[in-house]
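Scroll down for the structure; my scribbles are underneath it.
The values are calculated or read from the model by the stated rules, or taken from the named source; none is laboratory data. This one's a predicted model, so the numbers in the text were calculated from it and none came from an experiment. A quick note on method: Cβ atoms are made from the backbone with ideal geometry, for glycine too, and the neighbour counts reach across all protein chains shown.
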Amino acid sequence: MTKASDLFVQALEAEGVTHVFGIPGEENLDLLESLRASDIALVLTRHEQAAGFMAATYGRLTGNAGVCLSTLGPGATNLVTPAAYAQLGAMPMLMITGQKPIRTSKQGHFQIVDVVDMMRPLTKSTHQLVSADSIPARVRDAFQRAEEERPGATHLELPQDIAGDETDARLLPAPYTRRPLAEHKAIAHAVEAIRKAKHPLLMLGAGANRKTTARMLRAFVDRLGIPFFSTQMGKGVLDETHPLWLGTAALSDKDFVHRAIDAADCIVNIGHDVIEKPPFFMHRGRRTVIHVNYESAVVDQVYFPQIEVVGDIANTVWQLAEALDTPQPHWDFAFFDRVRTALCENIAELSADDRFPVHGPHLVKTLRDALDPRDIVCLDNGLYKLWFARNDRCREPNTLLLDNALATMGAGLPSAIAAKLVHGERKVVAVCGDGGFMMNSQELETAVRLKLDLVVIVLRDDAYGMIKWKQQHEDYPVYGMDYGNPDFVRYAESYGARGHRPDSAAAFAKALRSALDAPGVDLIDLAIDYGDDEALLNTEIPARSAAID
């Protein structure tokens, strides 16, 4: 006979789990003791929300479900935002929560909420374990559902009395599985549409961010010469210094890339998901849109593809390349070339502005110049995210981690901690607005305790800058956006990290290089200027892109 909590941990080990992120409570003590005796590392965090963000990022980077742990009640409710973060962002994650004994309890309804029902709309599956014998099947099912396309969040509740039970149940082996391939008639329809087009264009979404798919896409682009752009969460799937890159759809419309989108008569969407903010608006009859993904399209008023090719994406891309074989003589990409030239000139021009407080485009250039292509930048959410999405020409997948699905604040630092645990050999930088940073700033202690080499850049404008920008764009007076901040240098030092406060763009570049070279955790308090962003993003860039002929 085996103790149920031991069997549960053995099931986690069988799934390849290396880390569990979280905060245990008294209802988890059996599970905690079983974890102590295992090879799985418990990463103790300072807030359950941060633990969930870490687990989701672990899943995003590895493809294997990240695991987070909380107690019942308030611990479980603190996982609601990470659940939505993983579910909308297609990041495989398993949440484990505790619960009071379900057979007998002397505490009435103290701390009890219906966590399973609460998690139902935010997960792919959620279950309460009511028998120790069901643990192998429930754990295997939770991992399989979390990791299969489309990935997302799952949840298991392990009550205190069930965790202490004895069982003779045995683990279940993982099955051999293969994704279904696209049907040949669908491939033929897509090939015919691409072949007939005069200005075909390739769009890369988050679903294309798989190693095999990226290889097939590179071969496809090199073989056929079709230009490409990406959504924000598709950045880096293909090297964005490639001569056929046309940009990232960071804005909803009227950027340089949207001129290419408007000129395209056939757009092939590889891995697009309508959960991500729309990269372009579809208009009836203007162009053929081909949906290539693991599952059929979610039809929306801004997305209603005429052709759907459903199946393994990498194989679909290979089949399309084989069928098309060579570039078609009537394909015309001259206008796309002019868009690319104008975009690159605009990025270079904006990046050269070394004012202080620092300007967003110059921040992006300074950071990318200091990093190797495989190093990782983890963004929180704020106005600066648009500049990174637009101007950072990523060369490798998953080197710019941003959230354009839930777009929650507070995930930047926890995400960077998880990224460093997964890729200890790479430099990792968290970029956070002062608003988002303060939502989980306590995780600086976690990073210091884990002895991580990590750089945290806090962009200080003493306001909720993104919403202030939107408020000004709507011609409202500024109201309810400004706040005070702590002394971030002393705040970092209080946790045992090093703090820096540069007073020029040049001093920022120097401090950044020093921080990247030093062991341990460094925080850079960087003043940022969003003052021109309203005019640049909503007037000047649209005017410059409209002038391309």
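Within the bounds of the range 503-520, is there any residue that is of a type outside the set (S, T, N, Q), on the phi < 0 side of the Ramachandran plot, buried (at least 17 other Cβ atoms within 10 Å of the Cβ) and in a loop (DSSP other than H, G, I, E, B)? Checking the range 503-520: not a single residue is of a type outside the set (S, T, N, Q), on the phi < 0 side of the Ramachandran plot, buried (at least 17 other Cβ atoms within 10 Å of the Cβ) and in a loop (DSSP other than H, G, I, E, B).
For the range 151-187, how many residues meet the condition of being within 33 Å of the chain's Cα centre (by Cα) and farther than 30 Å from Asp6 by Cα? Residues in the range 151-187 being within 33 Å of the chain's Cα centre (by Cα) and farther than 30 Å from Asp6 by Cα: 9 in total.
Evaluate the range 493-502: report whether one residue or more is assigned to a loop (DSSP other than H, G, I, E, B), under 16 Å from Phe356 (Cβ atoms) and of a type outside the set (Lys, Arg). For the range 493-502, residues assigned to a loop (DSSP other than H, G, I, E, B), under 16 Å from Phe356 (Cβ atoms) and of a type outside the set (Lys, Arg): present.
When the criteria are applied in full, Arg287 meets the requirement of being crowded, with 19+ Cβ neighbours inside 10 Å, among the charged types (D, E, K, R) and either over 30 Å from Asn440 (Cβ atoms) or assigned by TED's automatic domain parsing to the domain that holds Asp239 (or both). When the range 298-315 is filtered for residues that are in a loop (DSSP other than H, G, I, E, B), surrounded by fewer than 19 Cβ atoms within 10 Å (Cβ to Cβ) and under 23 Å from the mean Cα position of the chain (by Cα), the ones remaining, listed by number, are Val298, Val299, Val302. For residues that are under 24 Å from Leu217 (Cβ atoms), in a loop (DSSP other than H, G, I, E, B) and either out of contact with any Ser or Thr (no Cβ under 9 Å at 6 or more places or on another chain) or modelled with pLDDT of 95 or more (or both), tally how many sit in the range 396-418. Selection size over the range 396-418: 6.
Residues are listed down the side, and each one gets a yes or a no for (1) in the same structural domain as Ala50 (by TED's automatic domain parsing); (2) closer than 30 Å to Thr62 by Cβ; (3) basic (Lys, Arg); (4) part of a helix (DSSP H, G or I):
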site	(1), (2), (3), (4)
Lys420	no, yes, yes, yes
Val431	no, yes, no, no
Thr446	no, yes, no, yes
Leu459	no, yes, no, no
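Pick out the one residue from Ala219, Ala206 that is in the same structural domain as Pro305 (by TED's automatic domain parsing), within 25 Å of Pro397 (Cβ to Cβ), surrounded by fewer than 20 Cβ atoms within 10 Å (Cβ to Cβ) and of a type in the set (A, V, I, L, M). One residue alone meets the criteria, Ala219. Picking from Ala146, Ala137, which residue would you name as being in contact with a strand residue (DSSP E or B) (Cβ under 9 Å, 6 or more places away or on another chain) and at pLDDT 95 or above? Checking each option against the conditions leaves just Ala146. Go through the residues of the range 477-487 one by one and say whether even a single one is within 19 Å of Leu516 (Cα to Cα), of a type outside the set (Gly, Ala, Ser) and in contact with a Phe, Trp or Tyr (Cβ under 6 Å, 6 or more places away or on another chain). No, the conditions are met nowhere in the range 477-487. Mind telling me which of the residues Gly435, Gly531 ends up being part of a loop (DSSP other than H, G, I, E, B) and either within 28 Å of the chain's Cα centre (by Cα) or touching a residue at least 24 places away in the same chain (Cβ under 8 Å) (or both)? Among Gly435, Gly531, only Gly531 is part of a loop (DSSP other than H, G, I, E, B) and either within 28 Å of the chain's Cα centre (by Cα) or touching a residue at least 24 places away in the same chain (Cβ under 8 Å) (or both). Could you grab me the full set of residues in the range 225-262 that are small (Gly, Ala, Ser) and in a loop (DSSP other than H, G, I, E, B)? Gly225, Gly236, Ala249, Ala250, Ser252 - these are the residues of the range 225-262 that are small (Gly, Ala, Ser) and in a loop (DSSP other than H, G, I, E, B). Those strands (runs of 3 or more DSSP E) of the range 93-194 that lie entirely within it include none in which at least 2 residues are surrounded by 13 or more Cβ atoms within 10 Å (Cβ to Cβ) and not assigned by TED's automatic domain parsing to the domain that holds Leu69.
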